[in-house]
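In what follows, a single structure is set out as C-alpha cells and then discussed.
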Amino acid sequence: MKHIVIIGGGIAGIETASALTDAGHWVTLIEKDAQIGGKLNNWSNLFPNFTPVEKITDELKEKCRRKDFSILTNTEVNSVLRNKDKFSINTSDNQQLEADAIVVATGYELFDARRKEEYGYKIYDHVITSADLEQLFKSGEKLTVAAGKIPKRIAFVHCVGSRDEKSGNHYCSKVCCITGVKQAIELKKHLPDAEIFCFYMDLRMYGKHFEELYREAQEKYDIQFIRGRLSEASEKIDKSLLIKAEDTLSGRPLKMNVDLLVLLIGMEAGKGTAAAATSCSIGCEESGFLQTADSFLQSNISMQDGIFLAGSCTAPMTVNDTVLHARSAAQEVNNYLQKTR
Amino acid sequence: MKDFGYTVIKQRTIDYDQFDGRLLNEVLQMEPSFKVCLSCGGCTATCSANDLVSFNVRRMNLLLRRGETVELESEIKKCMLCGKCMLVCPRGINIRNVIMLIKKSILKYNPVKS
Amino acid sequence: MKKEGKIQVWQDYQKEIADDHYFYVRSCIRQNFFPGSEQTFLKILRKELGKDIYENPHHTSCSGIGYHSDIVPFDTIQTIVARQFALMTEAGYQNIAVSCITSFGIYNEIIETWKEYPAELEKVRNFLKKATGREFEVPQNVAHASDIVYKFREDIATHGKFRLINHKTGKPLKVVEHIGCHYSKMFPCKGVGGAEFPYVLAGMIEAWGGEVIDYPERRHCCGFGFRQYLIMSNRGYSVSNSRKKFESMEPYKPDFIVSNCPGCPMFLDRWQYVIEEMEGKTFGPDGQGIPVLTYEEMAGLVLGYNPWDMGMQMHQTNVEPLLDKMGIQYDPELKYANKEGKQIGHPTMVRCGC
C-alpha cells in the first residue's frame, strides 16, 4: 500500500485525502491548527448563494470521520528528505513519516490590513475587514458602532492588499469582488435602513452566478457602486469615518462620511506555504504562491517529482475551484503512483 | 460664405486615426511605469490641488492617450508636483516624473502653440 | 481610536538620530516668522542637554523655495547643498541637524539621488570643486531639529517646569500636531512614525503631559505650497487649505497647534487673522483663535523660558490664553518691550482675542 502525506488540512487537503483514500491509498493529513477545515471555519456564508459554511465543513469533517485516514493536528512539517522515490518527513513533534508522495495544500493567509496604514485598521474604531464581518455574522451579534448606534451608512473598499504595488501584491485575489457584493447584501438584510456603497477599481464577476448576484445587489438591495480607489480614511470626533476617493466616472474627488468601513482583504501565500516551499524545495512565483509545472495541464504538478500541489497555495481560489483542484491533485498522485509501482 | 442659419457640426468622436502618438511614446519611453495606470483615481482623490480647482491627475493619462494635447498643456500647469499621488498609486507610477516629462516635451508636439 | 494600532505603526518607522555633535543649519524664513525658535533650540541643546552643536555663518539658503518654484535647477541646488556639506566636513562634523522642513526634504532627496545615481554625486563634487575649491563628505546622519528634540523629550520633561496640562482643571491640554509635508511624505522612512501617523511631535506632546488630537484633516497640507503663497492672486488656495484644517479640528476644541515646519505655523497662525478679517470667523472659544506654536516654543514653555524672550509676541493669534492655561506667569507690559524694557509700540493687526 502506498503512503501519501498531505500538508494542510483545509478544504484542499481534506478533499485530496478523501479522494486518495477512495482510490485505495494510505493517507496521513498534517494540520498545524488544532482542528481541520482551515480558514473556512472562520467564515459564515459562501458566495454566490449564501450557503452556510457549515454545510461544506460538516461534510468535509464527515468525510474525515467516515474514511480511514490519519490526521495529525497541531503538527507542522520540520523537514522533508528525498531518498529516490521515497520521502522522509520529520514533524514538529518529532515523528518520522515515510511517504511515496506528498501533496502540499498549505493554502493562503489573509492580507494584514494594518499594512494599508492610510485606512487605519486597528487604529480607527470602526474600520473592519471582510473576515471580521464574517465573524460578526457567525456570532449573530448585533452590528453597532459608537455609543450603540446602528450604522446608517457603510462603505466597502475593494482590492485591499490586492492589485496594489504598495502592499507588494500585484495579483488579483479573485474572491474579494464577489465577497463584497455578498457581504453588502447580507448587511443590507441586517440593516435595511443603511445606505451601502462599494468602492471598486474593476468588478470582476467571472464565476457562475456572480454577475447575477451583482445585478441583484443593485436591483433588490440598492447597493451603490462607486468606481474609485480610496486614498485615505480618517476618524471623526463621533468615531464615524471620513473617506476620500475619486468618483472616476464623474471625474471629481468625492468625500463621504460613513459609520462603518469594511476592507475587502485579499489573499497572500503566507508563512505555511513559504515553509512548505522551503522544506519541499519547490519554487515560489514572484507572488509567493507555489510554482506549477504548467498552468494549463499540470497545475497540480510541482517542480519536484512526487510532490503535488492542491488548492490556494498555488493561487487565490474560490471554494469551488479549490475542491476541483484538490480532486485533480488526487488524480495526478494516483497516476504517478501507478507509474512508480 | 453664405449663411444659411446653420452650420456643419464638428464631430465629437475621438478620431483615433488622427492620433499623434509621439508625445505619449516619448513619455512612456522615459517613464515606462506610466504604462500600467489602471485609472483607479486614487491619485485624484488625494491630490492637494483639485479640491479647489478642476484638476484631475487621472485624466492626464487619458488626455495623453487620446492626443488631447491642448487641454493637457493647460491642465498640467495646475499640478504642484507635491507627489502625494505617488504615495497612493497602487501601481507605483512615478507620476511626478510623468508630469515633468509632459511639461518638457509638450510644446514640441502641440500644433496650436508651436 | 486605538492607541495600540498607532504604536505598531510607530515601531515600523524608527529612524536613527545622532546622539551628539551636530552641524546646525538654519532656515531662511523662520528667523522672520518665529525669530526666537532657533535660538531656543540651541539653548535647549547646549544648556539643558549639554550637547555640542555648531553653526557656521557661511551657511546659506539651500535654495529650496527657488527649487520648488521652478526657478533653481536641480544641478544648482545639488551644488549649493554640497557646499553646506563641505562646511560641515571642514568643521569636522558628520551629523547634520536641519531646522527647516523644506531643507530637510531637499537634503534627503539629494542624498537619495546620489545613492541611486552615483554619477550625479561625482558630477556635483566636480561642480563644487571647480566653483569653490571645496570638497565634502555626505553626512552620516541627517536629522530634522524636531527629531533631536523628540529624541531627548524625556530629558526635557525631567528638566521641565511646566507640563502641557491645564493647571486649573488638571486635565491634559489638547494639542493638534501638524507635520510639514516634506518631513515624511516624500520618504516615510526618514520621519519618526512615517507619513500616515507621524510620531515626532506626538511623542513630545505625550512626554510633556498633553493629549494629541487626531482629527480627519490631520494629514492635509497647511496650504503654503510655495507658488500658492508666493503669488498674491494664488493666496486664496493657501488660505482655503488652512481653513479646511481649522474646520476639521474645531470640534475637538484644541488648546493649541504645534508644528515642525517653517511655513506651516506661519500660515496656520496668520491665516486665522485673515479669516477673521474676511469672514468674521474664529476657531477657538469666545471669539479667540487657536494659538500656533513651533515645537521649540512648546519645549521652551515646558522648560519655563520667558515667552517674550522666545519671540512669542510675533504671533498674530495671541498666545496668552495658552500661557494662562499652563499657569505660566508673564508680564503683559513687557510683551512689546525691548531688551532694555522700553516699549517699542503695539502692532495694529493683532486679532483673534486681542
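What to note about this one:
- Qualifying residue in the stretch A:75-91 (condition: surrounded by fewer than 14 Cβ atoms within 10 Å (Cβ to Cβ), among the hydroxyl-bearing types (S, T, Y) and in contact (Cβ under 8 Å) with a residue 24 or more places away in the chain): yes
- Scan the stretch A:149-170 for residues that are away from every other protein chain (no Cβ under 12 Å) and surrounded by fewer than 24 Cβ atoms within 10 Å (Cβ to Cβ) and the total you get is 5.
- Any hit, the stretch A:18-37, residues being within 23 Å of A:K174 (Cβ to Cβ) and in contact (Cβ under 8 Å) with a residue 24 or more places away in the chain: yes
- Among strands (runs of 3 or more DSSP E) entirely within the stretch A:156-239, having at least 2 residues that are outside the structural domain of A:V319 (by TED's automatic domain parsing), within 27 Å of A:T51 (Cα to Cα) and touching an Asp or Glu at 6+ places or on another chain (Cβ under 9 Å) singles out A:195-200.
- Any hit, the stretch C:334-343, residues being touching a helix residue (DSSP H, G or I) at 6+ places or on another chain (Cβ under 8 Å) and either surrounded by 21 or more Cβ atoms within 10 Å (Cβ to Cβ) or in a helix (DSSP H, G or I) (or both): no
- Counting residues in the stretch A:136-150 that are in contact (Cβ under 8 Å) with a residue 60 or more places away in the chain, in a strand (DSSP E or B) and in contact with a Lys or Arg (Cβ under 8 Å, 6 or more places away or on another chain) gives zero.
- Extreme residue, surrounded by the most Cβ atoms within 10 Å (Cβ to Cβ), among residues of the stretch A:121-148 that are over 26 Å from A:K174 (Cβ atoms) and either in contact with a Phe, Trp or Tyr (Cβ under 6 Å, 6 or more places away or on another chain) or within 14 Å of another protein chain (Cβ to nearest Cβ) (or both): A:I123
Yes/no matrix, rows are residues, columns are (1) among the polar types (S, T, N, Q); (2) assigned to a helix (DSSP H, G or I); (3) touching a helix residue (DSSP H, G or I) at 6+ places or on another chain (Cβ under 8 Å); (4) in contact (Cβ under 8 Å) with a residue 60 or more places away in the chain:
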{"site": "C:K244", "(1), (2), (3), (4)": "no, yes, no, no"}
{"site": "C:E247", "(1), (2), (3), (4)": "no, yes, no, no"}
{"site": "C:V258", "(1), (2), (3), (4)": "no, no, yes, yes"}
{"site": "C:M266", "(1), (2), (3), (4)": "no, yes, yes, yes"}
{"site": "C:R270", "(1), (2), (3), (4)": "no, yes, no, no"}
{"site": "C:V274", "(1), (2), (3), (4)": "no, yes, yes, no"}
{"site": "C:E277", "(1), (2), (3), (4)": "no, yes, no, yes"}
{"site": "C:F283", "(1), (2), (3), (4)": "no, no, yes, no"}
{"site": "C:E297", "(1), (2), (3), (4)": "no, yes, yes, yes"}
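- Of all residues in the stretch C:98-135 being among the aromatic types (F, W, Y) and either outside the structural domain of C:Y22 (by TED's automatic domain parsing) or over 27 Å from the mean Cα position of the chain (by Cα) (or both), the one that is surrounded by the most Cβ atoms within 10 Å (Cβ to Cβ): C:F127
- Condition met for C:Y237 (surrounded by 19 or more Cβ atoms within 10 Å (Cβ to Cβ), in contact with a Gly (Cβ under 7 Å, 6 or more places away or on another chain) and touching a residue at least 60 places away in the same chain (Cβ under 8 Å)): no
- Only one of the listed residues (C:S259, C:S184) is more than 14 Å from every other protein chain (Cβ to nearest Cβ) and buried (at least 24 other Cβ atoms within 10 Å of the Cβ). That residue is C:S259.
- Residue match in the stretch A:42-53 (condition: within 29 Å of A:E212 (Cβ to Cβ), part of a strand (DSSP E or B) and hydroxyl-bearing (S, T, Y)): yes
- If you filter the stretch B:25-48 down to residues that are closer than 24 Å to C:F226 by Cβ and surrounded by fewer than 22 Cβ atoms within 10 Å (Cβ to Cβ), you find that the one that is nearest to the other protein chains (Cβ to nearest Cβ) is B:S48.
- Pairs where the first residue, in the stretch A:40-55, is surrounded by fewer than 16 Cβ atoms within 10 Å (Cβ to Cβ) and the second is assigned to a loop (DSSP other than H, G, I, E, B) and not charged (D, E, K, R), C-beta under 7 Å, 6+ apart: A:N41/A:Q35; A:N49/A:H209
- Note on the stretch A:292-321: residues that are within 20 Å of A:G10 (Cβ to Cβ) and surrounded by fewer than 17 Cβ atoms within 10 Å (Cβ to Cβ) total 1.
- Scanning the stretch C:131-173 for residues that are farther than 24 Å from C:L42 by Cβ, of a type outside the set (A, V, I, L, M, F, W, C) and in contact (Cβ under 8 Å) with a residue 60 or more places away in the chain returns C:N166, C:H167, C:K168.
- Test: residue in the stretch C:13-20 that is within 14 Å of chain A (Cβ to nearest Cβ), out of contact with any strand residue (DSSP E or B) (no Cβ under 8 Å at 6 or more places or on another chain) and surrounded by 15 or more Cβ atoms within 10 Å (Cβ to Cβ): yes
- Those residues of the stretch A:225-284 which are within 14 Å of another protein chain (Cβ to nearest Cβ), among the small types (G, A, S) and under 30 Å from A:C313 (Cβ atoms), in sequence order: A:G266
- Any hit, the stretch C:305-312, residues being closer than 19 Å to C:C181 by Cβ, buried (at least 17 other Cβ atoms within 10 Å of the Cβ) and modelled with pLDDT of 90 or more: no
- For the stretch C:16-130, the helices (runs of 4 or more DSSP H) that sit wholly inside it and include 3 or more residues that are without any contact (Cβ under 8 Å) to a residue 40 or more places away in the chain are C:74-90, C:101-116.
- Residue count for the stretch B:54-86, restricted to those that are of a type in the set (A, V, I, L, M), crowded, with 22+ Cβ neighbours inside 10 Å and within 14 Å of chain A (Cβ to nearest Cβ): 2.
For every residue, the table says whether it meets (1) within 22 Å of the chain's Cα centre (by Cα); (2) modelled with pLDDT of 90 or more; (3) more than 26 Å from A:I243 (Cα to Cα); (4) away from every other protein chain (no Cβ under 12 Å).
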| site | (1), (2), (3), (4) |
| --- | --- |
| C:E217 | yes, yes, no, no |
| C:R227 | yes, no, yes, no |
| C:N241 | yes, yes, no, no |
| C:S248 | yes, yes, no, no |
| C:R270 | yes, yes, yes, yes |
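- Scoring A:G207 on the criteria (1) within 14 Å of chain B (Cβ to nearest Cβ); (2) touching a residue at least 60 places away in the same chain (Cβ under 8 Å); (3) surrounded by fewer than 19 Cβ atoms within 10 Å (Cβ to Cβ) leaves a single failure, condition (1).
- Whichever residue in the stretch A:178-202 is touching a Leu at 6+ places or on another chain (Cβ under 7 Å) and within 14 Å of chain B (Cβ to nearest Cβ) and, among such residues, is nearest to A:T314 (Cα to Cα): A:M201
- Residue count for the stretch A:11-27 satisfying the condition of being surrounded by fewer than 22 Cβ atoms within 10 Å (Cβ to Cβ) and in contact with a Phe, Trp or Tyr (Cβ under 7 Å, 6 or more places away or on another chain): 1.
The values are calculated or read from the model by the stated rules, or taken from the named source; none is laboratory data. Bear in mind that the values here come from a model prediction, so they are computed numbers and not experimental data. Using ideal geometry, Cβ is built from the backbone for each residue, glycine included, and neighbour counts are taken over all protein chains shown.
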